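The values are calculated or read from the model by the stated rules, or taken from the named source; none is laboratory data. Remember, predicted model here, so these are calculated numbers, not experimental data. Counting neighbours? That spans all protein chains shown, and the Cβs are built from the backbone with ideal geometry, glycine included.
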Amino acid sequence: MATENNLQDYELMVIFTPVLSDDDYKNAQKKFTDLIIAEGGELGNQNAWGLRSLAYPIAKKTTGLYYVLEYKAPPTTNAKLEIQMNRDESIMRHMITRLDKYAVIYNNRKRTKNTAEEAVS
């Protein structure tokens with residue numbers, strides 16, 4: 001959704017190679033969040049899913065470290081992100097999705113529902 005600053009909502013999902021240490025995993029996440037901020041973007045929800053099984057093997061690996069980030073940024077930011085992700089050997093797959101206003105509302109509602117369920121438990 002375009003705002004007065006011409007920022008649009010996006011979701012970035014990255015699958016890192018499972019051989020990264022915890023520090024390398026956090027540093028890799030920080031590298032991309034810093035790039036978004038440097039380009040005039042705003043960070044939203046960050047969710048490090050951690051080690052998960054892949055639906056199919058990638059480069060003979062059956063697991064990967066997942067990371068999901070919601071952010072607002074100018075459209076030109078994504079090209080720079082793509083270049084950095086393609087150069088990074090620790091990334092097995094990545095996907096940037098533009099979120100419309102309904103997806104943003106859905107994600108917020110889903111997040112608040114999950115936190116409410118955790119509070120009850």
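The set of residues from segment 1-16 being in a loop (DSSP other than H, G, I, E, B) and either within 11 Å of the chain's Cα centre (by Cα) or modelled with pLDDT of 95 or more (or both) is empty. Would it be correct to say that Tyr106 is aromatic (Phe, Trp, Tyr), assigned to a helix (DSSP H, G or I), under 19 Å from Asn47 (Cβ atoms) and modelled with pLDDT under 90? So Tyr106 fits the description; yes.
If you go through segment 41-85 and keep only what is hydrophobic (A, V, I, L, M, F, W, C), part of a helix (DSSP H, G or I) and touching a residue at least 24 places away in the same chain (Cβ under 8 Å), you end up with Leu81, Met85.
Just a yes or no: is a residue in segment 30-39 in a loop (DSSP other than H, G, I, E, B), surrounded by 12 or more Cβ atoms within 10 Å (Cβ to Cβ) and modelled with pLDDT under 95? Yes, segment 30-39 has at least one match. Cβ-Cβ contacts under 7 Å between residues 6 or more apart (or on different chains), taken from a first residue in segment 17-40 that is among the charged types (D, E, K, R) to a second residue that is part of a helix (DSSP H, G or I) and surrounded by 16 or more Cβ atoms within 10 Å (Cβ to Cβ), are listed as Glu39/Thr77.
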